[in-house]
Amino acid sequence: MGFGDLKTPGGLKVLNDFLADKSYIEGWVPSQADVAVFDAIPSAPSTVQCHALRWYNHIKSFQNQKGSLPGVKKPLGQYGPSGVADNTAADSKDDDDDMDLFGSDDEEDAEAERLKEERIAAYAAKKSKKPTLIAKSSILLDVKPWDDETDMAKLEECVRSISMDGLLWGQSKLVPVGYGIKKLQIGCVVEDDKVGTDQLEEQITAFEDYVQSMDVAAFNKI
Amino acid sequence: MMALRELTQGDKKVPVLHSNNGPALVGLVTIAAHLAQEAKRPELLGGSAEHKALVQQWLEYRLTKVDGCHKDDIKTILKDLNSYLEDKVYLAGNQFTLADTLMYYGIHHIIVDLAIQEKEKHMNVTRWFDHVQHYTGVRHHLPPVVVLRNRVYTSGHH
């Protein structure tokens, strides 16, 4: 989650891509999520980032309702595209590369020492928060329709519409099984702790109009 | 007491609103605008003068370009809406209006049949449509259109 540093063009690009198919940061109405991100942007995005600009101008029109918008402000790193590492820039002052840590001037010694302590503490904190390895699996699913008249494009759309935390849909293809019937073979990558094949089966077979059954064709640990 | 009926005009059917106090009203936009006023929701017709005009513009577009359109016109409609909606969240201003409702109903049959690739090609229309169909009280009995969250076709257009 997170957009990266929203004060840089890189961060704004992530925001822009995120907003291409959304009117708001979260949900379907303006909320504190929009306020949090709006406040983190120094000025209006350029016309090149048309989606971010559209969103910015729209949220700006709610300026005098800022406090009463629904929701609770969360830290910036919790909004934005999933599957992106959170490297939101901290609101600290800029690094001063010209800082001479070995300066002989007595006045600056105390300052340099304090800064050095701060940096060591930050480095230690970062090291201790090293992310644990996440167990993932690559699964190939066979989704069978009712007959050869089933709309396979719609079926695929329904399957791909299933979204869960830890689930990423991959490539798919149609495989003929005889009598003109084709099955949808679709791959996905799942985080083992978050997604199980029974859950997937439940959700896929819920589309009763299109799906007759689902099988796991292949299951590999990554 | 009000009653909504259908009247055949040539090869088209138009709605007619009968009420106890006042003349019968004919026409989709006429009736919708009248009902908005009766329900004391004038903001649905636009806030400022400019927005009122924009609402009227899109209501007119619905009647003249969308209703009864041929298959060949669909591309044009999608293109028009997509470029208009590039920098807008709603059709008129920053609030939901009748223009959004009637356009949603007007193009629902088009959007429901669009392939994933077409939906991503007209991303702004898809975004606006997904937003409106989630707006409380709009969708009613119409089936929701599924909009994928993970972009399938990587963007080659901006």
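Just a few scattered comments:
- Taking a point 7 Å from the Cα of A:VAL175 along the Cα-to-Cβ direction, the residues of the stretch A:190-222 with backbone N closer than 12 Å to it are A:215-219.
- Cα gyration tensor, chain B - rounded (a/c under 1.5), prolate or oblate: prolate
- Using θ = phi - 60° and Karplus 6.51 cos²θ - 1.76 cosθ + 1.60, couplings along the stretch B:21-28 (whole Hz; Gly, Pro as x): 10, x, x, 5, 10, 10, x, 4
- Computed with a 1.4 angstrom probe on protein heavy atoms, the A-B interface buries about 2100 square angstrom of accessible area in total.
- Peptides A:47-56, A:148-157 ordered by packing proxy, namely the average of other Cβ atoms within 10 Å per residue, highest first: A:47-56, A:148-157.
- Amide hydrogen proximity for A:LEU6: with H placed 1.01 Å from N in the peptide plane, the residues at 5 or more positions away or on another chain lying under 5 Å are A:ALA89.
- Out-of-range pairs (alpha-carbon distance over 24 Å; input A:LYS60/B:LYS88; A:LYS66/B:LYS40; A:LYS13/A:LYS73): A:LYS66/B:LYS40
- Expressed as a whole percent, the accessible area of the stretch B:47-157 that falls on carbon and sulfur atoms is 52 (1.4 Å probe).
- Area of B:HIS108 that stays accessible when all protein chains are in place (1.4 Å probe, Å², to 10): 10
- Placing dummy labels 7 Å off each Cα toward the beta-carbon, the span from A:ALA206 to A:GLN65 is 3.1 nm.
- Neighbours of A:LYS60 by Cβ distance under 13 Å: Lys/Arg scored +1, Asp/Glu scored -1, total -1.
- With a 10 Å cut-off around each Cβ of A:13-23, the average count of Cβ atoms from other chains is 4.
- In sequence order, the stretch A:174-190 has phi-based couplings of 9, 10, x, 10, x, 6, x, 7, 10, 9, 8, 9, 10, x, 8, 10, 10 Hz under the Karplus curve 6.51 cos²θ - 1.76 cosθ + 1.60, θ = phi - 60°, and Gly or Pro positions carry x.
- Across the stretch A:198-208, computed HN-Hα scalar couplings (Karplus, 6.51 cos²θ - 1.76 cosθ + 1.60, θ = phi - 60°) run 5, 5, 4, 4, 4, 6, 6, 6, 5, 7, 4 Hz from first to last residue, x flagging Gly and Pro.
- Entries of B:LYS52/B:LYS79; A:LYS144/A:LYS182; A:LYS183/A:LYS221; A:LYS154/A:LYS182 with Cα pairs more than 18 Å apart: B:LYS52/B:LYS79; A:LYS183/A:LYS221
- B:LYS52 accessible area, 1.4 Å probe, all protein chains in place, Å² to nearest 10: 100
- Accessible area of the stretch A:1-78 divided out per residue, in Å², using a probe of 1.4 angstrom: 44
The values are calculated or read from the model by the stated rules, or taken from the named source; none is laboratory data. Everything quoted here is computed from the prediction, not taken from an experiment. Ideal geometry is used to build each Cβ from the backbone, glycine not excepted, and the neighbour counts take in all protein chains shown. For the accessible areas, the whole protein counts, side chains as well, though only heavy atoms, and no ligand, DNA or RNA atoms are used. Shrake-Rupley method; radii C 1.70, N 1.55, O 1.52, S 1.80 Å.
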